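One structure is given here, and the rest of the page talks about it.
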Amino acid sequence: MPGTAGRIRRGIVITLLVLIPAGYLVISAGQSHNEAAARELSAEQAGLVNGLPSPVQLAVYRVPVPEQAGGVAFFEANSWSTDTLYVQFTTTQAGLAGFLGQLGAGPDDLRAGLRAVTVPAAQAAQVPWAFPDDHRWAGLTLTSREPHPPHPAYAITVDLDDPASPAVFVTSTVRFAR
């Protein structure tokens, strides 16, 4: 009989040695997933953050916010395949021209009319930005021509209701190769 009791104890010890780490891994994975989901939800609920994006964000997404810009706010959204920086600001006509010039475009490249709102509705809803029909919108889309990656794609929409102080809404999206 002593052999049977020893085998039972050994079986219990082996079972515990397997189940305790496995249980720990399951609990840790659940907590890790919940923390990531909580961080993502918190960022989405925070929406736009008043102020300039960090120098690193400005460098990665290549968004040249004019020095004299006012009402600057931003939001960053990250996923496995794309990262997007949303930036809004108000500037002058010269500031708008300088901003567009640094991206390789100019005020004459802005299109007006029905297709002027270039920020996709799904992206606008995430911030949230609203682009009502009763405003004078102008916009364009660009892809960075810089020789080194990442190559951001820009969607720029400008509210020209006050021509002296255009409000700029820009998304800079970086896509990652799979």
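Annotations
- Identity of the residue in the range 78-97, among the β-branched types (Val, Ile, Thr) and not in a loop (DSSP other than H, G, I, E, B), that ends up farthest from PRO120 (Cα to Cα): THR90
- Of everything in the range 48-95 that is surrounded by 15 or more Cβ atoms within 10 Å (Cβ to Cβ) and among the hydroxyl-bearing types (Ser, Thr, Tyr), the residue that is farthest from the chain's Cα centre (by Cα) is THR92.
- Selection within the range 137-147 - open to solvent by 80 Å² or more (accessible area, probe 1.4 Å) and either part of a helix (DSSP H, G or I) or touching a His at 6+ places or on another chain (Cβ under 7 Å) (or both): THR143
- Any hit, the range 126-136, residues being within 22 Å of the chain's Cα centre (by Cα), within 14 Å of LEU48 (Cβ to Cβ), surrounded by fewer than 18 Cβ atoms within 10 Å (Cβ to Cβ) and polar (S, T, N, Q): yes
- Filter result (of a type in the set (A, V, I, L, M, F, W, C) and either assigned to a loop (DSSP other than H, G, I, E, B) or over 16 Å from the mean Cα position of the chain (by Cα) (or both)) within the range 98-125: PHE99, LEU100, LEU103, ALA105, LEU110, ALA112, LEU114, ALA116, VAL117, VAL119
- Whenever a residue of the range 104-131 is at positive phi, its partners that are of a type outside the set (D, E, K, R), lying with C-beta atoms within less than 7 angstrom and at least six residues away or across chains, give the pairs GLY104/LEU142.
- Per the listing ALA105, ALA112, the residue uniquely hydrophobic (A, V, I, L, M, F, W, C) and open to solvent by 40 Å² or more (accessible area, probe 1.4 Å) is ALA112.
- VAL56 more than 16 Å from THR171 (Cβ to Cβ) and modelled with pLDDT of 90 or more: yes
- Residue in the range 122-130 that is of a type outside the set (Gly, Ala, Ser) and more than 19 Å from ALA73 (Cα to Cα) present: no
- Evaluation of VAL56 against (1) among the hydrophobic types (A, V, I, L, M, F, W, C); (2) farther than 13 Å from ILE156 by Cβ; (3) in contact with a Leu (Cβ under 8 Å, 6 or more places away or on another chain) (one fails), failing number: (3)
The values are calculated or read from the model by the stated rules, or taken from the named source; none is laboratory data. All of these numbers come straight from a predicted model, not from anything done at the bench. A quick note on method: Cβ atoms are made from the backbone with ideal geometry, for glycine too, and the neighbour counts reach across all protein chains shown. With ligands, DNA and RNA removed, areas are computed over all heavy atoms of the protein, side chains included. Shrake-Rupley method; radii C 1.70, N 1.55, O 1.52, S 1.80 Å.
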